[in-house]
6 protein chains.
Amino acid sequence: MFSRLGGHVLDVSAHCDLPCGVYDPAQARIEAESVKMIIQKVNDSDDPDMKARGLLIKEQRSELVKHHIWVLWTDYFKPPHFEQHPQLHMLVNEATKLAGATGTKGSWDVSKADDLLAKIDEIAEIFAETKKG
Amino acid sequence: MFSRLGGHVLDVSAHCDLPCGVYDPAQARIEAESVKMIIQKVNDSDDPDMKARGLLIKEQRSELVKHHIWVLWTDYFKPPHFEQHPQLHMLVNEATKLAGATGTKGSWDVSKADDLLAKIDEIAEIFAETKKG
Amino acid sequence: MFSRLGGHVLDVSAHCDLPCGVYDPAQARIEAESVKMIIQKVNDSDDPDMKARGLLIKEQRSELVKHHIWVLWTDYFKPPHFEQHPQLHMLVNEATKLAGATGTKGSWDVSKADDLLAKIDEIAEIFAETKKG
Amino acid sequence: MFSRLGGHVLDVSAHCDLPCGVYDPAQARIEAESVKMIIQKVNDSDDPDMKARGLLIKEQRSELVKHHIWVLWTDYFKPPHFEQHPQLHMLVNEATKLAGATGTKGSWDVSKADDLLAKIDEIAEIFAETKKG
Amino acid sequence: MFSRLGGHVLDVSAHCDLPCGVYDPAQARIEAESVKMIIQKVNDSDDPDMKARGLLIKEQRSELVKHHIWVLWTDYFKPPHFEQHPQLHMLVNEATKLAGATGTKGSWDVSKADDLLAKIDEIAEIFAETKKG
Amino acid sequence: MFSRLGGHVLDVSAHCDLPCGVYDPAQARIEAESVKMIIQKVNDSDDPDMKARGLLIKEQRSELVKHHIWVLWTDYFKPPHFEQHPQLHMLVNEATKLAGATGTKGSWDVSKADDLLAKIDEIAEIFAETKKG
């Protein structure tokens with residue numbers, strides 16, 4: 001389950017719930033990185049069309065962030081994980097809210113994207129711990 | 001642009017084409033890993049419902065593989081990359097075909113998924129090289 | 001916000017989070033009713049094509065159930081709701097799992113659909129309470 | 001087929017065309033309510049970002065309205081219904097146009113949303129009558 | 001608005017409803033041709049996997065047929081067209097039903113696809129007449 | 001495989017890769033025509049809402065153009081075609097780029113749409129030649 005990617009070693013986290021399943025917080029993170037980039041690029045520009053397109057794509061990417069996190073929470077995490085990590089529910093709820101109207105969807109403040117990325121990393125830490133056990 | 005993920009260091013490759021853009025061959029790879037898992041799981045089972053669901057999800061995930069690779073080829077790679085890597089067109093074409101009817105969509109042979117993963121890794125190597133330059 | 005529908009009075013629950021938003025557990029329930037109907041219809045039939053189509057549509061409708069419930073949990077419910085209803089996280093998590101691989105996606109057992117409907121109704125009860133306050 | 005929802009009794013209208021099917025004009029109505037809310041909220045605001053996001057989401061929700069109404073017209077209603085309700089074709093055509101470019105998609109006039117809601121209610125009345133028969 | 005395509009002259013019918021719009025019954029026809037091909041190919045084969053994939057893709061393509069026809073009916077055709085062609089409503093309704101559960105979605109009978117194609121051609125005739133006027 | 005459409009004879013190009021498949025460059029062309037119309041209509045107007053909606057729909061239609069061209073390149077064209085038409089890879093790559101950020105997505109210049117249409121016609125010429133053989 002190791003593959004060289006970009007010269008680095010990437011541990012593609014995997015769990016089989018059926019059918020499949022390959023879970024990986026990287027999916028949410030890649031979209032959230034994209035959201036941050038869009039915010040920065042739009043803030044650095046004064047082209048109204050770039051802003052309009054940025055708003056549109058930020059909306060879609062933020063929705064993907066929400067979706068990928070929801071999938072982890074529902075499909076990957078199980079009751080024992082929630083018992084061991086009682087903060088996990090609120091963490092996931094806050095992360096998905098940070099990709100919504102009160103977060104990156106409704107704001108051009110890059111700190112919203114940073115907060116979102118930090119929450120995704122917290123979820124990824126817990127995810128990583130559950131893979132060790 | 002470094003983030004700890006699963007206890008490992010993940011270099012989220014990024015490139016800004018605008019609006020955005022965060023490109024990462026990991027997106028195609030995660031879906032292709034999923035396709036391989038589905039094939040293995042279905043081959044190890046004799047439940048017809050699992051096979052029916054696996055066929056359906058394999059179709060969707062394979063389509064995602066194609067989409068993510070197409071996006072890299074059109075949105076990330078530029079003429080100088082094609083000049084430096086003249087095999088890149090056929091590599092991408094073969095990779096997307098391997099996720100189609102003559103590949104993982106139309107087969108339960110795990111070697112198709114392995115071939116697909118190997119092609120994605122070849123694309124990822126070239127991708128990584130272009131990031132260094 | 002009252003509208004006659006089917007001869008009955010339907011209170012379309014609404015909440016504005018921005019932009020919009022009209023939240024209503026009925027969306028999840030309609031899809032879950034559909035899932036139950038599909039299961040019953042397929043179980044009462046011996047047509048393999050109906051079963052194949054039923055499996056496919058059951059997969060899609062179950063996914064919609066998950067999506068509608070996730071939206072309620074992330075976009076509608078707020079921290080005070082979670083404090084007042086500490087069981088809400090697990091309730092939502094169990095409901096979405098019941099529309100997944102271990103629930104209506106992976107089974108032809110009508111009791112899975114009934115369990116899913118019961119969970120949706122529990123969420124709807126809490127939802128209704130929050131509208132009163 | 002009765003379920004308590006939000007403290008009220010909701011008659012989830014159902015009809016099985018197969019596979020499934022649960023038809024309910026509430027689906028179109030919920031989206032149309034959302035469209036109306038968006039229009040009101042944007043009209044009451046002077047935030048250009050809220051307007052831009054509202055325009056985007058209004059487009060999507062209006063499309064959902066069209067889709068749900070089309071499904072009723074094609075999948076639920078049958079020739080005898082059209083004979084009994086000769087106005088039904090134009091009613092459906094006008095309702096879907098009201099969710100399009102000449103209706104809620106192309107306008108910030110709340111009366112367009114009200115007209116759309118009124119048409120949906122007319123369709124729902126006919127729908128309810130057909131369930132009695 | 002003429003373009004050589006496949007060695008023949010293709011008159012891409014166009015009408016601007018705004019924003020845009022380019023309407024063309026060819027979109028529905030291409031998908032319906034695909035549905036017919038799938039049916040023929042599956043009927044000529046005894047590979048259960050081809051049948052399973054064919055069923056899945058037939059479902060999606062049939063849905064696209066419905067969507068393209070609905071768009072013509074709601075977005076392109078206007079009241080004067082309906083007055084001049086009083087059969088148009090039922091024609092469209094029948095065409096979309098022929099791409100549904102009682103048509104190509106629910107059957108492997110190639111005559112269903114032929115009936116669907118014939119209805120699309122009837123709609124295309126009316127469409128062509130309205131372009132002349 | 002001939003059908004009268006709009007008073008003209010349309011040769012619906014078809015190829016069966018399985019399952020199905022009906023390939024036709026007309027699909028990409030219709031969407032690209034739509035993109036051109038949107039650009040013209042928005043340029044001729046000073047309504048900011050029409051521009052905002054045009055930007056949104058131009059984004060979606062451009063994405064469809066990309067998708068339809070990618071499908072031709074991966075699913076229809078085979079190695080012998082690439083040998084006979086060595087320019088095909090770059091032609092397809094340029095066409096899809098012309099429907100992207102550096103093309104019709106990121107611009108209101110109608111010449112971008114004209115360039116895109118010309119590239120699609122070049123692809124259609126090659127497509128037509130391969131059907132003769």
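The values are calculated or read from the model by the stated rules, or taken from the named source; none is laboratory data. Everything quoted here is computed from the prediction, not taken from an experiment. So basically every Cβ, Gly included, is an ideal-geometry build from the backbone, and we count neighbours across all protein chains shown.
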Report every pair of residues separated by at least 6 positions or lying on different chains whose Cβ atoms are under 7 Å apart, first residue within the stretch E:95-109 and farther than 16 Å from E:Leu56 by Cβ, second in a loop (DSSP other than H, G, I, E, B) and at pLDDT 95 or above.
E:Lys97/E:Gly103; E:Leu98/E:Thr104
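Quick grid of which residues meet (1) over 20 Å from A:Thr74 (Cβ atoms); (2) in contact (Cβ under 8 Å) with a residue 40 or more places away in the chain; (3) in contact with a His (Cβ under 6 Å, 6 or more places away or on another chain):
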site: C:Ala28; (1), (2), (3): no, yes, yes
site: C:Glu33; (1), (2), (3): yes, yes, no
site: C:Gln60; (1), (2), (3): no, no, no
site: C:Ile69; (1), (2), (3): no, yes, no
site: C:Phe82; (1), (2), (3): no, no, no
Would it be correct to say that C:Asp24 is crowded, with 24+ Cβ neighbours inside 10 Å, at the interface with another protein chain (Cβ under 9 Å from one of its Cβ atoms) and without any contact (Cβ under 8 Å) to a residue 40 or more places away in the chain?
yes
Among helices (runs of 4 or more DSSP H) entirely within the stretch A:61-133, at least 3 residues that are at pLDDT 95 or above, surrounded by fewer than 18 Cβ atoms within 10 Å (Cβ to Cβ) and more than 13 Å from the chain's Cα centre (by Cα) occur in A:79-84
When only residues in the stretch C:94-133 that are more than 10 Å from every other protein chain (Cβ to nearest Cβ) and of a type in the set (Asp, Glu) count, which is farthest from C:Phe82 (Cα to Cα)?
C:Asp109
Selection count where residues are in contact with a helix residue (DSSP H, G or I) (Cβ under 6 Å, 6 or more places away or on another chain) and within 8 Å of another protein chain (Cβ to nearest Cβ), scope the stretch C:83-93
1
Could you check the stretch C:41-58 and list, in sequence order, the residues that are out of contact with any helix residue (DSSP H, G or I) (no Cβ under 6 Å at 6 or more places or on another chain) and touching a residue at least 40 places away in the same chain (Cβ under 8 Å)?
C:Asn43
Return the only residue of C:Val42, C:Val71 being aliphatic (A, V, I, L, M) and away from chain A (no Cβ under 14 Å).
C:Val42
Tell me whether the stretch E:32-44 contains one or more residues that are at pLDDT 90 or above, in a loop (DSSP other than H, G, I, E, B) and under 23 Å from E:Asp115 (Cα atoms).
yes
Can you name the residue in the stretch D:30-60 that is over 19 Å from F:Gly54 (Cβ atoms) and of a type in the set (S, T, N, Q) and is also surrounded by the most Cβ atoms within 10 Å (Cβ to Cβ) among such residues?
D:Ser34
